[in-house]
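The values are calculated or read from the model by the stated rules, or taken from the named source; none is laboratory data. This is a predicted model, so every value here is computed, not measured. Quick reminder, even Gly has a Cβ in these numbers, built from the backbone with ideal geometry, and neighbours come from all protein chains shown. Protein only, heavy atoms only, side chains kept; ligands, DNA and RNA dropped before computing areas. Shrake-Rupley method; radii C 1.70, N 1.55, O 1.52, S 1.80 Å.
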Amino acid sequence: MGIITIKGEDRLRYLHNQSTNDFEKLSIGEGCETVFVTSTARTIDLATAYVTEDAVLILISANRRAELFKWLDKFIFPFDKVQLTDITEEFAVLNLIGSQSSNLLEQLNIQNLGDLTNNNHQLITVDDIKFRLAVGNGLAIPGYTIIVSRQNVAELWTKLTNSGAIPIGEDIWEQWRIQQGRPNQIQNSPKITIL
């Protein structure tokens, strides 16, 4: 998936005006799914947003990355305090899918996730690997989304699979996506299934 960060003190107001969700009601540690649309209501992309201490992370479709970045940049006016950065090359996105995802995370000493609701997120550290863990995975199936630096993704992947995660391919993801009626997004992020 593509990842864009939006920084600056006007970031929530800006996103509130550029997408379909109410960003101004979100607090640090919360997130939402949103749709970016043209002025004629044509969908540009379905995205997931996470509000952090100093930015909003936007997960977007890999095939819409350049188009959406250019479109968002077009609506930043001279007095807007907003900065866009494409950080796709710096980070990787992993999805945990399945009812046993929480049990797998507990094996990595990640606990007390029960209070988090969908798209809530927090920074986690496991054996010196820092990553952002969010509730939800883009499907109506229990699970999580992980955003981790590319330099640490292989080590984290190994820890997850050693703890019982089973990698799945794009074919199974596509089957689940279609069954749930989720719009087509080309997602090059690995999925790990915990059934």
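Pull out all pairs, ordered by first then second residue, where Cβ-Cβ is under 9 Å, the residues are six or more apart or on different chains, the first lies in the range 152-181 and is farther than 21 Å from SER99 by Cβ, and the second is basic (Lys, Arg) and surrounded by fewer than 16 Cβ atoms within 10 Å (Cβ to Cβ).
ASN152/LYS130
Are there any pairs, at least 6 apart or on different chains, whose C-beta atoms fall under 8 Å, with the first in the range 49-75 and closer than 17 Å to ASN119 by Cα and the second among the basic types (Lys, Arg) and assigned to a helix (DSSP H, G or I), and if so, which?
Cβ pairs passing all conditions: ALA55/ARG11; VAL56/ARG11.
Might you check whether a residue that is assigned to a loop (DSSP other than H, G, I, E, B), aliphatic (A, V, I, L, M) and open to solvent by less than 20 Å² (accessible area, probe 1.4 Å) occurs anywhere in the range 128-137? Give the steps one after another, and end with the answer.
Of the residues in the range 128-137, the ones assigned to a loop (DSSP other than H, G, I, E, B) are 128, 136-137.
Cutting the leftovers down to aliphatic (A, V, I, L, M) gives us none.
So far as the range 128-137 goes, no, none of its residues is assigned to a loop (DSSP other than H, G, I, E, B), aliphatic (A, V, I, L, M) and open to solvent by less than 20 Å² (accessible area, probe 1.4 Å).
So which residues in the range 6-25 are assigned to a helix (DSSP H, G or I) and either among the acidic types (Asp, Glu) or touching a His at 6+ places or on another chain (Cβ under 6 Å) (or both)? I'd like the intermediate steps shown before the answer.
Our first condition is that a residue be assigned to a helix (DSSP H, G or I); within the range 6-25, this holds for 11-18, 23-25.
Result: PHE23, GLU24.
Would it be correct to say that ARG11 is within 24 Å of LEU116 (Cα to Cα), of a type in the set (Lys, Arg), surrounded by 16 or more Cβ atoms within 10 Å (Cβ to Cβ) and out of contact with any Pro (no Cβ under 7 Å at 6 or more places or on another chain)? First the steps, then the outcome.
Working: within 24 Å of LEU116 (Cα to Cα): yes; of a type in the set (Lys, Arg): yes; surrounded by 16 or more Cβ atoms within 10 Å (Cβ to Cβ): yes; out of contact with any Pro (no Cβ under 7 Å at 6 or more places or on another chain): yes.
Yes.
Quick one: which of SER189, SER163 is modelled with pLDDT under 80 and among the small types (Gly, Ala, Ser)? Quick ask: steps written out before the conclusion?
Working: SER163 fails: modelled with pLDDT under 80.
Answer to the selection: SER189.
Scan the range 35-68 for residues that are at pLDDT 95 or above and outside any strand (DSSP E or B) and jot them down.
Passing the criteria: THR52, GLU53, ASP54.
Filter the range 63-98 down to residues that are in contact with a Ser or Thr (Cβ under 7 Å, 6 or more places away or on another chain) and among the β-branched types (Val, Ile, Thr) and give me whichever is nearest to ILE141 (Cα to Cα).
Of all residues in the range 63-98, those in contact with a Ser or Thr (Cβ under 7 Å, 6 or more places away or on another chain) come to 65, 85, 87, 90-95, 97-98.
From the residues that got through so far, the ones that are among the β-branched types (Val, Ile, Thr) too are 85, 87, 93, 97.
Working: THR85: 31, ILE87: 27, VAL93: 17, ILE97: 7 Å.
Going through the qualifying residues, I end up with ILE97.
Of THR20, THR38, THR52, which residue is among the polar types (S, T, N, Q), out of contact with any strand residue (DSSP E or B) (no Cβ under 6 Å at 6 or more places or on another chain) and either farther than 30 Å from LYS159 by Cβ or surrounded by 19 or more Cβ atoms within 10 Å (Cβ to Cβ) (or both)? Working first, answer last.
Numbers: THR20 fails: out of contact with any strand residue (DSSP E or B) (no Cβ under 6 Å at 6 or more places or on another chain); THR52 fails: either farther than 30 Å from LYS159 by Cβ or surrounded by 19 or more Cβ atoms within 10 Å (Cβ to Cβ) (or both).
The match here is THR38.
Working only within the range 28-46, note down all residues that are over 16 Å from the mean Cα position of the chain (by Cα) and at negative phi. Don't jump to the end; show me each part of the working.
At the first step, the residues of the range 28-46 found to be over 16 Å from the mean Cα position of the chain (by Cα) are 37-44.
Result: VAL37, THR38, SER39, THR40, ARG42, THR43, ILE44.
Does the range 163-180 hold any residues that are open to solvent by less than 50 Å² (accessible area, probe 1.4 Å), in a loop (DSSP other than H, G, I, E, B) and farther than 22 Å from ASN109 by Cβ, and which are they?
GLY169
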